[in-house]
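Colleague: Have a look at this one before I ask anything.
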Amino acid sequence: MDGVKLIMRWEALNEMCTFAFDIEFEAVFGVLALLTGEEQHQMCTEIYGAEKVSAWQRTYRFLFETFQAVSELSPLVFFDILLDMCGKDFSLESFKAYILSLPKDERLFRQAEWEYTSNITKKDIKKALTDDKGLETLYIKLEKKVNSFLGFASFVQQNDRFIEEYFSLAHELKATPLKETVRNYKKNIDSFRAELTENLKTLNGLECSQKLMGKTFKNRGPYKHFYFVATFFFPYKACRFFYHNGKKHNIQLLFYSIRETKKNHDNTIAALKALSDETRYQILVLLAKTGTVTASEIAQTLKLAPSTVSHHMNELKTQGFITEEQVKTAKYYGLSVDTLKELLKTIEQDLLPQPSI
């Protein structure tokens, strides 16, 4: 029974807040880790072995190549849909079945950032599903976000296969090595739960979420319930999902990484290089003074071309200096205070003498 509790924990911390860790979630995130990011890919290699990872890349070539084509358009694939199913009865099979049961245009609309890119509608997607001309028109609108027409066409018109392969790989990941990793992370899971419990003594669910993510949210609900999910495979330090597109804002789902980040001098130097650019520094100062703003507001205030702002925001996002939140058709950027504090702490530890005890 203790083993079951370890790999699937759903605990009510108060009437509005639930703590969760679920190996079924980790299997879903594990596939995303294989598909994205060198650091996450390395973790999979450490757990399953390089030979096994290479074998998966060959077996699921369609999945890997299709995702690479649309990774910028659909970085988190279908995690928005988790809002519909969050709870202790979650399973890989039920999640896959639910996704495949959705009308294809709705499913695809929720899998990618269509509306935030080119104001693309479900109608545009529906046409692309059955009409080659419609598919080409859609691709032209997204050409800067998508690096392969064939990959994009596969993602849209063979989405069932994309889903099937994703969950087939997730089932393979949910094996003995993953369960062993869960046991190794027990201390981290317990620590995050304890931190949540302590924070919720003085903060509500929204305030606790803001503290974890180091930002003030633009979209504030109201929310009926908050789910806080501990994860070691999720590719970002923290990320939250909530209903939008006209749906009632009644649930917030927040994933928080309990993975221990290894200190890397190369990362510190890359962060300092990003800060050394005058324009990027001005953007950070602006965010510190004004809070959350859109890219167009940054361009207007600092008198920069939109393309220049986009370039610098990508650099800052890569280093984790800024947060990003989508509200309707706009993206709002904020300062990631926690990342800056961690950088300063690293510099202090590396360069300033530590007091002797």
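Colleague: For n ≥ 4 DSSP H runs only, could you compute -39500 (n - 2.57) per run for the chain, divide by its residues and tell me the 222 nm figure to the nearest 500?
Modeller: Value at 222 nm, helices only: -17500 deg cm²/dmol.
Colleague: Report, ordered by chain and residue number, the lysines lying within cross-link reach of residue 345, taken as a straight Cα distance under 26 Å and ignoring same-chain residues fewer than 8 apart.
Modeller: 187, 211, 215, 237, 262, 263, 273, 289, 317
Colleague: Within the stretch 258-323, report the GluC sites (Glu not before Pro) that DSSP leaves as loop and that have at most 11 other Cβ atoms within 10 Å.
Modeller: 260
Colleague: Can you tell me how much longer the chain between residue 345 and residue 273 gets when fully stretched, taken as 0.36 nm per residue apart minus their C-alpha distance, in nm with one decimal?
Modeller: That works out to 24.2 nm of additional length.
Colleague: Quick one: of the DSSP bridges fully inside the chain, what percent are antiparallel, nearest 5?
Modeller: Antiparallel bridges make up about 60 percent of those DSSP assigns within the chain.
Colleague: Setting aside same-chain residues fewer than 8 positions from residue 201, which aspartates and glutamates have a Cα under 20 Å from its Cα?
Modeller: Filter leaves 11, 15, 190.
Colleague: Here's a follow-up. Can you check what the net charge comes to around residue 131, using other residues whose Cβ is under 15 Å from the Cβ of residue 131 (Lys, Arg +1; Asp, Glu -1)? Let's see the in-between values first.
Modeller: On the way: positive: 104, 122, 123, 126, 127, 133, 141; negative: 105, 124, 132, 136.
Combined, the nearby Lys, Arg, Asp and Glu give +3.
Colleague: Oh, and also: Just the Cα atoms of the stretch 122-220, one point each, no solvent: what log10 I(q)/I(0) does Debye give at q = 0.16, 0.19, 0.23 Å⁻¹?
Modeller: -0.86, -0.88, -1.06
Colleague: Based only on Cα atoms, what mean projected area does the convex hull of the stretch 180-224 have, in nm²?
Modeller: 4.2 nm²
Colleague: Which lysines, on any chain, are close to residue 141 with Cα under 22 Å apart, when same-chain ones fewer than 8 places away are left out?
Modeller: Of all the lysines, those that pass the test against residue 141 - Cα under 22 Å, at least 8 places apart if same chain - are 104, 122, 123, 126, 127, 133, 328, 331.
Colleague: Still on this structure, please answer the following. For a quick check: with amide H placed at 1.01 Å from N, whose amide H comes under 5 Å from residue 22's, ignoring anything fewer than 5 positions away on the same chain?
Modeller: 9
Readers should treat all values here as calculations from the given coordinates under stated rules, not as data from a laboratory. If you're wondering where the values come from, they're calculated on a predicted model, not measured in any experiment. Note that we place each Cβ from the backbone using ideal geometry, even for glycine, and neighbour counts take in every protein chain shown.
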